[in-house]
1. When all C-alpha to C-alpha distances in the chain are sorted into bins of 10 Å, what percent of pairs does each bin hold, rounded to whole numbers?
2. Expected output is a single nm value to one decimal: the length gained when fully extending between Ala118 and Ala87, i.e. 0.36 nm times separation in residues minus the C-alpha distance. What is it?
3. So what is Rg over Rh here for the range 310-408, counting just Cα atoms and using Kirkwood for Rh?
4. Let me see the P(r) profile for the range 149-302: every Cα-Cα distance counted, bins of 10 Å, each bin given as a percent of all pairs.
5. Compute the angle between helix 107-119 and the longest alpha-carbon principal axis of the chain, please, reported from 0 to 90 degrees and rounded to the nearest 10.
6. Would you compute, from DSSP H runs of 4+ residues alone, the mean residue ellipticity of the chain at 222 nm, taking -39500 (n - 2.57) per run and dividing by the full residue count, rounded to the nearest 500?
7. Listed highest first by mean packing, meaning other Cβ atoms within 10 Å per residue, what order do 124-137, 80-93 come in?
8. If you line up the long axis of helix 211-227 against the longest principal axis of the chain, both from Cα atoms, how many degrees apart are they, to the nearest 10?
Amino acid sequence: MKDTLAILVGGGPAPGINGVIASATIEALHNGLRVIGIYDGYRDLASGDAPRTIELGIDDVARIHTHGGSILRTSRTNPAKDERTLATCIASIESLGVRYLIAIGGDDTTYGAAKIAAATVGRLGIATVPKTIDSDLPLPDNAPTFGYETARSVGAEIIESLLEDARTTSRWYIVVTMGRKSGALALGMCKAAGATLAVIPEEFSGPELDLELVIDTIAGAVVKRRADGYEHGVAVVAEGIVERVSAAKLRALEHATRDAYGHVRLADIPLGSLLRDGVRKRLDELGLQTTVLTKDIGYELRCAKPVAFDVDYTRTLGYGAVRYLLDGHSGALIALSGGRVEPVMLDALLDPATGRIRTRLVDITTEAYTVARDYMVRLEPGDLQSPQLERIAAQTNLAPGAFRERFARAGSGYI
């Protein structure tokens, strides 16, 4: 009797999921395995309900690698919410006759897989394939997670259109992008499109982030652009800054819905509106009349047709996951390093302090960040000194000294 490989997808969609499913299926079939796809991630497995499955053959997956979305759908169910849920999930997997499991997902899916692997040593072979457009998993060589390059490409095109609209109509756009804790996607889209500036959580020191400082950073850029003779621009803001704002200062957080892992659904927080209204108020205080609009970019990126990079990348990852399992291993995340498959043990990804998967943040000490920052338009320390100070303050109703005092924090450089 053939051993069975099961494939499931957890978390939010990302371009390239189908590439992993296709290559893993083909490689498994070539090695004599039976392959089933489990619909809706861990949802039914964790509840004890009979999961809907499909037996996958080569004809089912031969051309899906170029398509966005997930043929197996996805869910955010947490299989390790508690010991009972974990035990139910494992029993459900084993009831399907599964010997090997490939879980495609981000940090939460990887966390669930780590718990399943630890509880089934010698019985199940578990591998995860890292997926998230946020690119916030700690992969070797600082490699992006699959889906990121497609999301950045599609997002950059949207921002390029907004830049042209802003120039044509003499207005500003505040673009809020996905990215729970990391500003990688916002920064990457800004850098690729040549947006006016990006604001990411990694730039702000301290455990809490003052939303007023974000507002001043954007308003300061508007004023500086005015001094340079331009009345338009696009500011790209990572939605993850919301998680650094205290609930006392952002009451909306107290009432926001949460997913199965306890995360605030950032899409339910009206960050764009809060920033837009704050910037409008600040500019009004400075005596400036500027049209400021907001645009969210996120859901339209997640199921986009994958670019060639992600198609290539995911086909190798799916192949590598199967080879890892057939070699008798279990409990690793499948990554690439120098073109070679490099398994990373799931336990090594856990943060000892939290017990959760570590988040990779943007390293603002690197040249990659420095280049992006140097090409932005935002207040810098030199702008608060003569003669720049007088030139910029002249755009407002503030005297140079008052302007410097008002924007001292926003113009301090690395905040």
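1. That works out to 5, 22, 28, 21, 13, 7, 3, 0, 0, in percent per bin.
2. Between Ala118 and Ala87, full extension yields an extra 10.0 nm.
3. Here Rg/Rh amounts to 1.33.
4. 11, 42, 35, 11, 1
5. Compared with the principal axis, the helix lies near 30 degrees.
6. Computed ellipticity for the chain at 222 nm equals -11500 deg cm²/dmol.
7. Output ranking for 124-137, 80-93: 124-137, 80-93.
8. The helix 211-227 is inclined about 60 degrees to the chain.
Here, each number is a calculation from the coordinates, and none is a lab measurement. Computed from a predicted structure; not experimentally measured. Neighbour counts run over all protein chains shown; Cβ positions are idealised from the backbone, glycine included.
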